[in-house]
Amino acid sequence: MASRSKGAGKRKPIVPGPTYEEMLHPRKVQAQLRRRADAARADELDPLNLYNIHWRNRRGQVRKIVLPSELTGVKANVVVMIGRDFPSGSHKVGPAYSTLVEGEVNGEIRPGEKTVLGPSTGNFGIGTAYVSKLKGYRCVVIMPDSMSKERYERIRKYGGKLDLTPGTESDVILTLERTHELKKNPKNYPLAQFELLPNYRFHRYVTGQSALEAVKGVGNGKVAAFASAPGSAGTLAAGDEIKSVYPGCAVAAVEPRQCATLYENARGQHRIEGIGDKMVTLIHNLLTTDYVVLVHDDDCVMGMKVVTDGVAVLKKKLGVPASAARAMSGLFGISGICNVLGAIKMARHLDLGPKDNVVTIATDGIDRYHSVIEDLNQRTGTIDEHAVDDRLLERWARQVFLGADTEEILDVRPTRQKNRLFRQKEEVWSQFGYGKDLLQAMKKQDFWDAEYRQIPEMDREIAAIRN
């Protein structure tokens, strides 16, 4: 690991933030600083909010909800970790911070010297703009030009500038091309979530260990399956950590039926913002992905509408306890519902019982999807924000959640499937300058474990630069 460069003392000071260990266990932060950081939640632009990048509530428990079986229709417990309460409103702020702070540790970037680039389709870009604002960096987010307006508004709110590329979620390859073009300017520093391994480290360590804790006291206290949709595939790294404790855990990558890239190397447009990017990302550890699950994009949008506005319907028509129906409202964005549907399908596919737990992630909340709901209202022509049609919401609830079936689940454990996915990865990343030696090394678990083992030394360096 590169250490701080000579003359670093003449450079602008670094705004301090947490280590990986402190993001996993925020109570390990010095007590007075912890109290100040908790109080800083009242002002989201207070840099002390960097110490609030963690999965826990004020009581130190992992933020989660166990979905009612009346909604899921499965015997297994679907345990959803809640990301909307992270600073900036999504857990993607974690890998954004981790990638930037590792650049600081390595002496590659300091405030005022370079512009941070954030290639993204939304939440990572928002997180990049947010962390850059708190740490004093200029920021440009490169993203497709057809995402929800709330995403653009949030990025601008944090002072980030937008460099928009043509297309939608499924055209993220154009953002990569634009990022690699801008990267040629030494004044730019990309937080390349699809290819830089701090993203993997954050999720394997912080999200993975938090997931293991989230199931304590639920069912048998173990994890039978973990489901997550790959955008950058960072969140899927949590499965590596879960498998290190429960080797039999099934890890499922969930993607849109309309863009079944992992499933069958297909391409297409879809409505699930934040996932399904027409490629195998560089940081995706294909060795630990066991299944690929397809979901319909409109099911995710309709499901988001149901849990947001259908509290009364869920209670009266499906028998969901009132407290659970109220608790779910506002917790889920589109990709969160996608993950939930993937978890339900895996629970059915594996025939899991009432003691078994399936863990998944709600990346963000409803706050950045109101325009998507408006679009759904217009497309259906039967619901508007003033007159909710309860019959349609009930039909959607039964179709989307209770009707989630075991079709379109692909077992990618066989060697031929792994080799196909490795080839897909090589086709993308060789064109961006990554050589055969690295791509071959990624076919061995030793590569990923070695990257993971960097965390203790990285933590020592993070603590050193802030002191």
Checklist entry - Any residue in region 47-67 that is more than 24 Å from Glu213 (Cα to Cα) and either assigned to a strand (DSSP E or B) or modelled with pLDDT of 95 or more (or both)? => result yes
Checklist entry - Given the conditions (1) in the same structural domain as Val218 (by TED's automatic domain parsing); (2) more than 27 Å from Arg156 (Cβ to Cβ); (3) assigned to a loop (DSSP other than H, G, I, E, B); (4) of a type outside the set (S, T, N, Q), which single one is not true for Gly107? => result (1)
Checklist entry - Residues in region 370-380: is at least one in the same structural domain as Ile242 (by TED's automatic domain parsing), touching a Leu at 6+ places or on another chain (Cβ under 8 Å) and either part of a loop (DSSP other than H, G, I, E, B) or over 27 Å from Pro87 (Cα atoms) (or both)? => result yes
Next on the checklist: Just to check your reading of the model, which residue among Arg420, Arg460 is of a type outside the set (A, V, I, L, M), more than 30 Å from Val29 (Cα to Cα), part of a helix (DSSP H, G or I) and outside the structural domain of Lys278 (by TED's automatic domain parsing)?
Outcome noted: Arg420
Item to check | Condition broken by Thr406, with the remaining ones in (1) in contact with a His (Cβ under 7 Å, 6 or more places away or on another chain); (2) surrounded by 16 or more Cβ atoms within 10 Å (Cβ to Cβ) satisfied | outcome: (2)
Checklist entry - In this structure, does Thr115 turn out to be polar (S, T, N, Q) and modelled with pLDDT of 95 or more? => result yes
Checklist entry - What tally of residues in region 161-188 results from selecting those that are at pLDDT 85 or above and in contact with a Phe, Trp or Tyr (Cβ under 8 Å, 6 or more places away or on another chain)? => result 2
Next on the checklist: When you scan region 270-279, do you find a residue that is over 25 Å from Glu195 (Cβ atoms), in a loop (DSSP other than H, G, I, E, B) and not acidic (Asp, Glu), even just one?
Outcome noted: yes
Checklist entry - When residues of region 354-369 are filtered for being closer than 23 Å to Ala253 by Cα and in a helix (DSSP H, G or I), how many remain? => result 1
Checklist entry - How about region 431-457: which of its residues are assigned to a helix (DSSP H, G or I), closer than 25 Å to Glu181 by Cα and at pLDDT 95 or above? => result Lys436, Asp437, Leu438, Leu439
Next on the checklist: Can you report the number of residues in region 189-214 which are aliphatic (A, V, I, L, M), touching a Phe, Trp or Tyr at 6+ places or on another chain (Cβ under 9 Å) and at pLDDT below 95?
Outcome noted: 1
Next on the checklist: Which residue is surrounded by the fewest Cβ atoms within 10 Å (Cβ to Cβ), if the candidates are limited to region 188-221 and must be of a type in the set (S, T, N, Q) and out of contact with any strand residue (DSSP E or B) (no Cβ under 6 Å at 6 or more places or on another chain)?
Outcome noted: Asn220
Item to check | For Asp351: the one exception among (1) assigned to a helix (DSSP H, G or I); (2) without any contact (Cβ under 8 Å) to a residue 40 or more places away in the chain | outcome: (1)
Next on the checklist: Being more than 15 Å from the chain's Cα centre (by Cα) and in a helix (DSSP H, G or I) is true for just one of Val131, Val79, Val116, Val141. Which residue is that?
Outcome noted: Val131
Checklist entry - Is there any pair linking a residue in region 432-457 that is surrounded by 12 or more Cβ atoms within 10 Å (Cβ to Cβ) to one that is of a type in the set (D, E, K, R) and in a loop (DSSP other than H, G, I, E, B), with Cβ under 8 Å and at least six apart or on different chains, and which? => result Phe432/Glu195; Tyr434/Glu195
Item to check | Residue selected from region 138-164 under the condition more than 19 Å from Glu181 (Cα to Cα) and without any contact (Cβ under 8 Å) to a residue 40 or more places away in the chain, by the criterion surrounded by the most Cβ atoms within 10 Å (Cβ to Cβ) | outcome: Ile155
Item to check | Residue list for region 37-62, restricted to those being acidic (Asp, Glu) and out of contact with any Phe, Trp or Tyr (no Cβ under 9 Å at 6 or more places or on another chain) | outcome: Asp43, Asp46
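The values are calculated or read from the model by the stated rules, or taken from the named source; none is laboratory data. If you're wondering where the values come from, they're calculated on a predicted model, not measured in any experiment. Here the Cβ is made from the backbone with ideal geometry for all residues, glycine too, and neighbour counts use every protein chain on show.
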